[in-house]
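S.K.: A single structure is presented below for examination.
The values are calculated or read from the model by the stated rules, or taken from the named source; none is laboratory data. Keep in mind the model is a prediction, meaning the values are calculated, not measured. Cβ placement follows ideal geometry from the backbone for every residue including glycine, while neighbour counts extend to all protein chains displayed. Only protein heavy atoms, including side chains, enter the accessible area calculation; ligands, DNA and RNA are left aside. Shrake-Rupley method; radii C 1.70, N 1.55, O 1.52, S 1.80 Å.
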Amino acid sequence: MLNNCAQCHNLACSLIGQRGAARWDNLEKSHADRVTGVDLDALFGYLKANFSDAQPEPKVPARFLEGGCTPF
């Protein structure tokens, strides 16, 4: 995530607003042509396992959310 997602996204924003497996799958598909040189199945598998709607949302300090988050 640090090497790939953080180039375009605020990582704190990526980790809040828990998403279901179908939403993570759609996000993976939408990133397939934008992200190269990374195993998207492994990356999104990690996100689905650790930041799903079945997991509690991580507590993120407000300073990490400054500047706002774009919806995913």
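S.K.: Which cross-chain or sequence-distant (5 or more) residues have an amide H under 5 Å from the amide H of R19, H modelled 1.01 Å from N in plane?
M.R.: When sequence neighbours closer than 5 places are left aside, the close amide H contacts are D53.
S.K.: Can you compute the charge dipole magnitude of the chain about its Cα centre, using +1 on each Lys and Arg Cβ and -1 on each Asp and Glu Cβ, nothing else charged? Give it in debye, rounded to the nearest 20.
M.R.: Result for the chain is approximately 180 debye, rounded to the nearest 20.
S.K.: Also, I was wondering about something else. At 7 Å along Cα-to-Cβ for each site, give me the label-to-label distance between D53 and H9 in nm.
M.R.: Spacing of the two 7 Å Cα→Cβ label points: 1.7 nm.
S.K.: Quick one: pull the percent of accessible area on region 1-56 belonging to carbon and sulfur, 1.4 Å probe, ligands and nucleic acids left out.
M.R.: Here carbon and sulfur together make up 51 percent of the probe-accessible area.
S.K.: How large is the accessible surface per residue of the chain, computed with a 1.4 Å probe and reported in Å² as a whole number?
M.R.: 67
S.K.: Determine the relative contact order of the chain: mean sequence separation of Cα pairs under 8 Å and six or more apart, normalised by residue count, in whole percent.
M.R.: 46
S.K.: Where in the chain is the longest stretch that carries no trypsin sites (Lys or Arg not before Pro) classed as loop by DSSP and with at most 11 other Cβ atoms within 10 Å?
M.R.: For trypsin sites (Lys or Arg not before Pro) (loop position, at most 11 other Cβ atoms within 10 Å), the longest site-free span of the chain is 1-33.
S.K.: Which one, A32, A42, Q55, is farthest towards the positive end of the dipole of region 13-72 when Lys and Arg carry +1 and Asp and Glu -1 on their Cβ?
M.R.: Positive-most Cα among the choices belongs to Q55.
S.K.: Go through the chain and flag any cysteine with no other cysteine's C-beta closer than 4.7 Å, please.
M.R.: By the Cβ distance rule, which asks for a partner under 4.7 Å, the isolated cysteines are C5, C8.
S.K.: In whole Hz and in residue order, list the ³J(HN,Hα) couplings for region 22-27 that follow from phi through the Karplus curve 6.51 cos²θ - 1.76 cosθ + 1.60, θ = phi - 60°; x for Gly and Pro.
M.R.: 3J(HN,Hα) across region 22-27, in whole Hz: 4, 5, 4, 4, 5, 5.
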